[in-house]
Amino acid sequence: MIKQYKKVMLGLLLLFVFTLQFIEAKNVSLKGKVITIDPGHGGRDSGTRYGNILEKDLNLQISEQLENELVKYGATIYMTRTKDEDLSSPYDKRKKRGDLYRRIRFIEKNKTTLYLSIHINWYNDYYYSGVEILYNNINPKNKKLSESITNEFLKAKIKTREPTTTDLYLYRNTKVPGVLIECGFLSNKNERYLLQTKEYQQEISKIITKGVINYLNT
Ligand SMILES: [Zn+2]
């Protein structure tokens, strides 16, 4: 009789947990939200590097994981690049400027709710580590988004620096809300290892997704 009772209670508990998850998933829908993911660098521009580990490749891998996570909540995703290429044209005199200019145009033409630029950091002191979210004051929403994502990283106990402002061309000229996410330091041994693993790429993608959800729901 007691065994039977335990079984019933366990069943009810499982049902309860399942229902909670279902309610949660329903409440945090990103349906109707358009998110542009901008994997930094590409093509001739590798970004930072350590031996043959190139920032541009890791940026794209993390961006693909991030797309997977955001899609689960019904968001519409655009990527500024899906291949190893930059967005410059053969006619651009200044290739880097042309690349960034087209990224801005791409973000703004798609009626984007917000954009996320994915990068990896480098510092000459290899002890330096941690995630860092940068934003430009062109739009007050940028700061809010950077704080929301930073909070999720801190909750997940991943070392994360205070959000800071950036005046870089892309972020200064994009009117749509968005941030630059430096996912860690390629110069730091531990983070260099983690950033190359699918598990960690997925973990940080889930955290960024939570930060986006919280930002859009408050
Ligand atoms: Zn970069």
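A short reminder: the numbers here are calculations on the coordinates, not readings from a lab. Quantities reported herein were computed from a predicted structural model and do not represent experimental measurements. Note that each Cβ is placed from the backbone with ideal geometry, even for glycine, and that neighbours are counted across all protein chains shown.
Past the 19 Å Cα-Cα mark, which pairs from K31/K143; K109/K144; K83/K144; K141/K198; K83/K159; K56/K83?
On the way: K31/K143 23 Å; K109/K144 23 Å; K83/K144 31 Å; K141/K198 31 Å; K83/K159 30 Å; K56/K83 10 Å.
Exceeds cut-off: K31/K143; K109/K144; K83/K144; K141/K198; K83/K159.
Using only side-chain charges placed at the Cβ, +1 for Lys and Arg and -1 for Asp and Glu, the dipole size of the chain relative to its Cα centre rounds to 560 debye.
One decimal place: the segment K83-K198 gains 39.6 nm when fully extended, by the rule 0.36 nm per residue minus the C-alpha distance. Highest mean first, the peptides 40-49, 7-16, 128-137, 151-160 sorted by other C-beta atoms within 10 Å per residue fall in the order 128-137, 40-49, 151-160, 7-16. Applied to the stretch 41-49, the Karplus parametrisation 6.51 cos²θ - 1.76 cosθ + 1.60 on θ = phi - 60° returns per-residue 3J(HN,Hα) values of 6, x, x, 5, 9, 7, x, 7, 8 Hz, with x for Gly and Pro. Relative to the longest principal axis of the Cα atoms of the chain, helix 95-109 runs at roughly 40 degrees.
Kirkwood Rh, the stretch 1-141, all Cα pairs: how many Å?
On the way: mean 1/r = 0.0544 Å⁻¹.
About 18.4 Å for the stretch 1-141.
Across the stretch 33-216, C-alpha contacts under 8 Å between residues 6 or more apart give a mean separation that, scaled by the residue count, equals a relative contact order of 27 percent.
Peptides 110-116, 94-100 ordered by packing proxy, namely the average of other Cβ atoms within 10 Å per residue, highest first: 110-116, 94-100. Rounded to the nearest 5, the antiparallel percentage of DSSP beta bridges internal to the chain is 25%.
Here the label points at L14 and A156, each 7 Å from Cα along the C-beta direction, are separated by 2.9 nm in the simple model.
Assuming R0 = 22 Å, what is the FRET efficiency of Y169 and I53, from their Cβ-Cβ distance, to the nearest 0.05? Don't jump to the answer; show the numbers that get you there.
Numbers: r = 26 Å, r/R0 = 1.18.
Efficiency for this residue pair is about 0.25.
Per residue, how much space in cubic angstrom lies within the convex hull of the C-alpha atoms of the stretch 74-170?
Values: hull volume 14.9 nm³, N = 97.
Convex hull volume per residue, Cα atoms: 154 Å³.
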